[in-house]
Amino acid sequence: MKQICKLFLPIIIFISVLSQVKAQNAADGNIIPNGGFEEWRSDVLKPVNWIIGNSLSPEQITGDTPPESKGMYALKMWANGGGVSLTGEVPVERKKKYTFSFWYKGTKLNHEIKVYFSWYDDSAYKGREQKLSVKTATNWKKKECTIEIPEYANKVGIELTPSTDYSGVGILFDDVSLVAAKNMPGGTPSLEAPKHLEVNAFQGEMEISWDKPVNSDGMKWEVVFDDRMEATVSSNSYMKTKLRPNTRHRIKVRAVKGGEVSPYTEKEESTKEMKEPEHSLDRIPYLRTLEPAGSCNGRFLKLYYNELANPDAKISYKLNGIPVQPQNDTLEFPAFEGYYKRFQLEIHIDEGEGREWDILYNELSVQNF
């Protein structure tokens, strides 16, 4: 009998731990089933309530879980294309705020993971949108944000999708959580809506700003553009790019801190109109961020245009005859000594429908600061 007891002891311990994890999830208000990947199917090695393609080679990981995890296991998969998604939609309340979070790490630095939410009205599919994008580190990281359920949805599906990389990139996930705001523990006074929301509109961009409160430690702001989540930022400004001239847009901004969110501050604004019609032969796009005399203040040039009708136009650049690839809408000039230096900047713009331009700034003066 003693030997039998010893054989069953690990199973008893496992059941006890699993029960504790389920109880902890219930206490935390997490509505994601098996969000900690603690329950696994016996017929195939995959976590219960989750869909994972066989090509991703899912693994049940022990001994490597996030520092705050109450469970025994984590999920590991390989970035061979596709992601991990819930087998069914989770019921939610319309227009209610939820806090979404998950833990992640990777065997490769800065490997992108995108999080998609699919919205349903009962069984009717209403659309899919990307809510988050993170970059991996080799240690566990936690990402958290506040989600507001659209008024047309009462169910949500969730998908975690790493970028495809067949070179052997391992991605680990744990403790996926979606908690209604009212169920968040603790509770702090409601945040105030952002004040003095301002929009500086151009033909293709909108510079959005608002006041930053004196006590803003740990505070972030969610920017919603045309009723779609645009970004969560740590500063009190945001630049929306790739807009069409003479179009009207709705901007909403709210503060986020911990599990609390403020009311939205809203504003509608239009981008400026082009001077020439879209199909006019006299229309020539140009960089509005250059000085009138053809100079650039500093080595970092923002690539914002006037008279550009198609925000998705294909644009290529050459500096002194050498192709360059700008990053984040910014062209960086090479470092140099002295107060200024002249560069030759060539720009090729293809808007489609046969509308192409070659623009040459033959002696672009760049100031060194």
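The values are calculated or read from the model by the stated rules, or taken from the named source; none is laboratory data. Please read all numbers here as calculations on a predicted model, not as lab measurements. Note that each Cβ is placed from the backbone with ideal geometry, even for glycine, and that neighbours are counted across all protein chains shown. What goes into the accessible areas is simple: the full protein's heavy atoms, side chains included, and nothing from ligands, DNA or RNA. Shrake-Rupley method; radii C 1.70, N 1.55, O 1.52, S 1.80 Å.
Data for the structure
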| quantity | calculated |
| --- | --- |
| Residue in the stretch 53-61 that is more than 30 Å from residue 263 (Cβ to Cβ), at pLDDT below 85 and either over 22 Å from the mean Cα position of the chain (by Cα) or not in a helix (DSSP H, G or I) (or both) present | no |
| Cross-chain or 6+ apart pairs with Cβ under 7 Å, the stretch 309-336 first and over 20 Å from residue 358 (Cβ atoms), then of a type in the set (S, T, N, Q) | 329/241; 336/368 |
| Breaking point among (1) more than 30 Å from residue 105 (Cβ to Cβ); (2) in contact (Cβ under 8 Å) with a residue 60 or more places away in the chain; (3) not in a loop (DSSP other than H, G, I, E, B), for residue 200 | (2) |
| Test: residue in the stretch 149-169 that is more than 13 Å from residue 115 (Cβ to Cβ), part of a strand (DSSP E or B) and either open to solvent by less than 20 Å² (accessible area, probe 1.4 Å) or not basic (Lys, Arg) (or both) | no |
| Which numbered condition residue 229 fails, given (1) crowded, with 18+ Cβ neighbours inside 10 Å; (2) of a type in the set (A, V, I, L, M, F, W, C); (3) more than 26 Å from residue 152 (Cα to Cα) | (3) |
| Residue within the stretch 249-260 that is open to solvent by less than 40 Å² (accessible area, probe 1.4 Å), free of Cβ contacts under 8 Å to residues at least 12 places away in the same chain, out of contact with any helix residue (DSSP H, G or I) (no Cβ under 8 Å at 6 or more places or on another chain) and more than 17 Å from residue 206 (Cβ to Cβ) present | no |
| 1 or more residues touching a Leu at 6+ places or on another chain (Cβ under 9 Å): qualifying strands (runs of 3 or more DSSP E) within the stretch 208-266 | 228-233, 248-257 |
| Members of the stretch 103-147 that are touching an Asp or Glu at 6+ places or on another chain (Cβ under 8 Å), open to solvent by 80 Å² or more (accessible area, probe 1.4 Å) and more than 16 Å from residue 160 (Cα to Cα) | 108 |
| Search result, residues across the stretch 273-297 that are under 12 Å from residue 361 (Cα atoms), part of a loop (DSSP other than H, G, I, E, B) and under 31 Å from the mean Cα position of the chain (by Cα) | 290 |
| Spans of strands (runs of 3 or more DSSP E) in the stretch 298-369 with at least 1 residues open to solvent by less than 60 Å² (accessible area, probe 1.4 Å) and of a type in the set (D, E, K, R) | 340-352, 355-367 |
| Options 265, 271: the member that is at pLDDT 95 or above and polar (S, T, N, Q) | 271 |
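For (1) without any contact (Cβ under 8 Å) to a residue 12 or more places away in the chain; (2) crowded, with 16+ Cβ neighbours inside 10 Å; (3) among the hydroxyl-bearing types (Ser, Thr, Tyr), each residue gets a yes or a no:
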{"site": "29", "(1), (2), (3)": "no, yes, no"}
{"site": "35", "(1), (2), (3)": "no, yes, no"}
{"site": "38", "(1), (2), (3)": "no, yes, no"}
{"site": "46", "(1), (2), (3)": "no, yes, no"}
{"site": "53", "(1), (2), (3)": "no, no, no"}
{"site": "65", "(1), (2), (3)": "no, yes, yes"}
{"site": "72", "(1), (2), (3)": "no, yes, no"}
{"site": "75", "(1), (2), (3)": "no, yes, no"}
{"site": "81", "(1), (2), (3)": "no, no, no"}
